[in-house]
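The values are calculated or read from the model by the stated rules, or taken from the named source; none is laboratory data. Worth saying up front: this structure is predicted, and the values here are computed from it rather than measured. Cβ placement follows ideal geometry from the backbone for every residue including glycine, while neighbour counts extend to all protein chains displayed.
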Amino acid sequence: MLDFSMTPGAFGFEAWQSRWSILSGVGVTVASSGLTIVIATVLGILFGIALSYGWWWLRLAIRLYVDVMRGIPVLVLILFTYYGLALFGINVPAFWAGVIALSGFATAHIAETLRGAVQSVPQGQMEAGKAIGLRFAQRLRYVILPQAVRRMLPPWVNTCLEIVKGTTLLSVIGVVELLLASQQIMARNYLIVDFYLLATLLYLIINFAIAQIGGVLERRFSYLRY
Amino acid sequence: MIQYYFDWSVITRNAGALGEALLLGLGLALVSLAIGTVIGLAAAYARLSCRPWLSWPVWAYVEFIRCMPLLLLIFFVYFGLPEFNISWFDKTQSFILTLSLYAGAYMSEVFRAGLGSMPKQYVEAAKAIGLRPWQRQRYVVLPVMFRITLPAISNNLISLFKDTSLAAAIAVPELTFVARRINADTFRVMEVWLSVSALYLITAYTIATLLRLVERRYASIR
C-alpha cells in the first residue's frame with residue numbers, strides 16, 4: 001500500500017499515469033460546487049428575503065419549497081432531476097442536471113439560514129431605518145443585511161462544505177467528478193485503498209480551503225468598522 | 001412540453017417492495033443512530049478529557065469524518081476494508097458500519113455542545129450531596145444533557161434517514177435503490193420519483209413530529 005516508487009503497478013507510477021484524469025476530476029468537482037455555491041447563494045438570498053418580508057402567498061410558496069427540499073434526500077433530487085428533466089424535452093447533460101438539483105437543495109438551506117439571520121436582527125433596527133426615512137431597499141441594503149450577513153456566514157460556510165460533499169453524488173448519474181474519476185482509475189489498476197486515500201486527501205484540501213476562506217470572510221465581516 | 005400520461009399502477013404494483021425498502025431505510029437509520037450515539041458519547045467525553053493522547057485522536061476522527069463526503073466513506077469501507085482481509089460483512093453491515101461511524105462524529109459534536117452547556121451548579125450540587133463521579137454522570141449530567149440535545153438528536157436522525165439513500169450506491173435494497181430499479185424497468189419516471197420523494201418527505205416529517213412529542217414529554221419544565 002502507498003508504494004511511491006515509479007515502477008508499473010506501484011502507486012507512484014499509477015498516480016502519475018492518471019494525473020490528468022484526477023486533475024480533471026478535481027476540476028469538475030470544483031466547477032460543479034463553485035457553480036452551485038454561486039447559484040444557491042444568489043437564489044437563497046432572494047428566497048430568504050422573500051421568506052422574511054414577502055406577501056403571505058409568496059412566503060407560503062417558498063416555505064413549502066424549502067420544507068419539501070429539506071425533507072428529500074439529495075440523491076433522490078439528483079436522480080429525479082436527471083430523469084425528470086428529459087421527460088419535459090429538456091435534455092441537459094448530467095453535469096447540469098446535477099448542478100440544478102444541488103442548487104435547488106442548497107437554495108432551500110441558504111434561504112432558511114438567511115431568514116433566521118434576518119429575524120435575529122432586532123426589530124428596532126428596522127424601525128430606526130424607517131424613522132430616518134430610508135426606503136425598504138435601502139433599509140435592507142444598509143441596515144439589515146450587513147448585520148444579517150455576520151450571523152449567516154458560519155452556517156453558509158457549512159452549506160458550502162455540504163455542497164462540495166454533495167457533488168460526490170453526481171457520480172451516480174455519471175458525471176466524472178473526483179470520486180468517479182478515482183473509481184475509474186481503480187478499475188484499471190486495483191489500487192483501491194491508495195486511490196480512495198488520494199481522493200480523500202483532495203477532498204480534505206478542497207474543504208479545508210473553503211473553511212479557511214470562510215474564516216477570512218468571518219473576520220472581514222466580524223465587527224463594525226467606522 | 002410533451003404529453004405525459006400518469007400511470008400510477010406502477011406504484012401500486014410495487015407498493016410492497018417500496019414499503020419494505022422504506023422500512024429497511026428506517027431500520028438502517030435507527031441502528032446507525034443507536035451505535036452512533038454510543039460512539040458519540042464516548043467521543044464527546046474523550047474530546048473533553050484533559051489527556052491529549054485521548055482528545056487528539058478523537059478530534060482527528062471527528063474532523064476527518066466531517067470533512068469527508070459520505071459516499072466516499074461508504075465506498076472506502078465497502079471496497080477498501082476487504083483489501084486488508086477484513087471481509088466478514090455484507091453490504092448492509094458495511095453500510096451500517098459506515099453510517100454509524102459517520103453518525104458518531106456528528107453525535108459527538110452534539111454531545112460536546114450539550115456537555116458544554118450543562119450548568120456548572122448541577123455538577124456542584126451533585127458533588128455536594130456526595131454522589132460519586134459515576135453516579136454524577138448517570139443521574140445528573142446525562143439526563144439533563146439528553147434533554148438539552150434532544151432537538152439536535154432528532155435533526156440528526158432525520159438527516160441519517162435521508163443519508164440511507166446513499167446505500168443505493170452499494171446496492172443495499174433501500175428506497176432509492178428500489179426506485180431506481182422500478183424506474184429502469186418501467187420508465188415511469190414521474191410516478192416513481194414523485195412517490196418516492198413523497199415517501200421520504202412524509203417519513204421525515206413524521207419522525208420530526210413524533211420526536212417533538214417526545215421532547216415535550218421529557219421537557220424539564222411542564
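Observations, loosely collected:
- When B:129, B:39 are screened for being in contact with a helix residue (DSSP H, G or I) (Cβ under 6 Å, 6 or more places away or on another chain) and either surrounded by fewer than 21 Cβ atoms within 10 Å (Cβ to Cβ) or within 30 Å of residue A:1 (Cβ to Cβ) (or both), only B:39 passes.
- Cβ pairs under 7 Å, 6+ apart, first in segment A:17-41 and under 28 Å from residue A:145 (Cα atoms), second of a type in the set (S, T, N, Q): A:32/A:167; A:33/A:167; A:36/A:103; A:39/A:103; A:40/A:103; A:40/A:107
- Selection within segment B:114-142 - basic (Lys, Arg) and in a loop (DSSP other than H, G, I, E, B): B:132
- Residues that are within 23 Å of the chain's Cα centre (by Cα), in a loop (DSSP other than H, G, I, E, B) and surrounded by 14 or more Cβ atoms within 10 Å (Cβ to Cβ) within segment A:86-123 comprise just one, A:92.
- Evaluation of residue A:142 against (1) in a helix (DSSP H, G or I); (2) within 11 Å of chain B (Cβ to nearest Cβ); (3) not acidic (Asp, Glu) (one fails), failing number: (2)
- Index of the failed condition, residue A:146 passing every other in (1) at pLDDT 90 or above; (2) over 14 Å from residue B:75 (Cα atoms): (1)
- Residue within segment A:66-83 that is farther than 20 Å from residue A:162 by Cβ, more than 16 Å from the chain's Cα centre (by Cα) and assigned to a helix (DSSP H, G or I) present: yes
- Residue tally, condition touching a residue at least 24 places away in the same chain (Cβ under 8 Å) and over 25 Å from residue B:199 (Cβ atoms), over segment A:59-93: 0
- Those residues of segment A:1-35 which are in contact with a Cys (Cβ under 9 Å, 6 or more places away or on another chain) and of a type outside the set (Gly, Ala, Ser), in sequence order: none
- Within segment A:53-96, the set of residues being under 27 Å from residue B:207 (Cα atoms), among the aliphatic types (A, V, I, L, M) and within 14 Å of another protein chain (Cβ to nearest Cβ) comprises A:64, A:66, A:68, A:69, A:72, A:74, A:75, A:76, A:77, A:78, A:79.
- Positions within segment B:144-188 being among the small types (Gly, Ala, Ser) and either part of a helix (DSSP H, G or I) or in contact with an Asp or Glu (Cβ under 7 Å, 6 or more places away or on another chain) (or both), in sequence order: B:152, B:154, B:159, B:165, B:167, B:168, B:169, B:179, B:184
- Helices (runs of 4 or more DSSP H) fully within segment B:1-113 counting 2 or more residues that are touching a residue at least 24 places away in the same chain (Cβ under 8 Å), within 14 Å of another protein chain (Cβ to nearest Cβ) and farther than 24 Å from residue B:171 by Cα: B:52-67
- In segment A:159-218, the qualifying residues are those that are in contact with a Ser or Thr (Cβ under 8 Å, 6 or more places away or on another chain) and not in a helix (DSSP H, G or I), and the one that is nearest to the other protein chains (Cβ to nearest Cβ) is A:177.
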